[in-house]
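For reference, the structure is listed below as structure tokens.
The values are calculated or read from the model by the stated rules, or taken from the named source; none is laboratory data. Note that the coordinates shown come from a computational prediction; the quantities given were computed from them, not determined experimentally. FYI the Cβ positions are ideal-geometry reconstructions off the backbone, even for glycines, and counts take in every protein chain you see.
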Amino acid sequence: MSAATDGGSHDVELATYRAATDPSQLQTQIIRAIVSLVSSRSIEDIKPNSPGVSRSNVSRLWKEVGHKFVCELRGKDWGAQSW
């Protein structure tokens with residue numbers, strides 16, 4: 001709470017609270033974990049007590065955004081790589 005100029009008070013939204021409750025932040029973290037080869041079944045272990053980290057939700061999220069990563073891989077010029 002913060003004091004208002006009229007002597008009353010009002011709630012102030014903290015940027016940290018807004019970031020912590022933003023579902024897109026959690027989704028970004030889940031995608032980063034999967035791209036880093038964390039099993040979708042292990043996301044619950046990494047983010048316990050977070051909404052939307054059940055295996056079915058993580059799988060659904062990966063279905064929605066995973067195609068972007070696959071398209072990036074397919075579009076890369078792998079001939080330029082030195083293995």
>> Can you find, within the stretch 42-64, the residue that is surrounded by the fewest Cβ atoms within 10 Å (Cβ to Cβ) among those that are without any contact (Cβ under 8 Å) to a residue 24 or more places away in the chain and of a type in the set (A, V, I, L, M)?
In response: Ile46
> Taking the stretch 1-30 as the region of interest, how many residues are in contact with a Ser or Thr (Cβ under 7 Å, 6 or more places away or on another chain) and modelled with pLDDT under 80?
Replying inline: 4
> Restricting to the stretch 5-61, what's the tally of residues that are among the acidic types (Asp, Glu) and in a helix (DSSP H, G or I)?
Replying inline: 2
> Counting just the residues of the stretch 29-41 that are within 11 Å of the chain's Cα centre (by Cα) and within 19 Å of Leu73 (Cα to Cα), which one comes out surrounded by the most Cβ atoms within 10 Å (Cβ to Cβ)?
Replying inline: Ile34
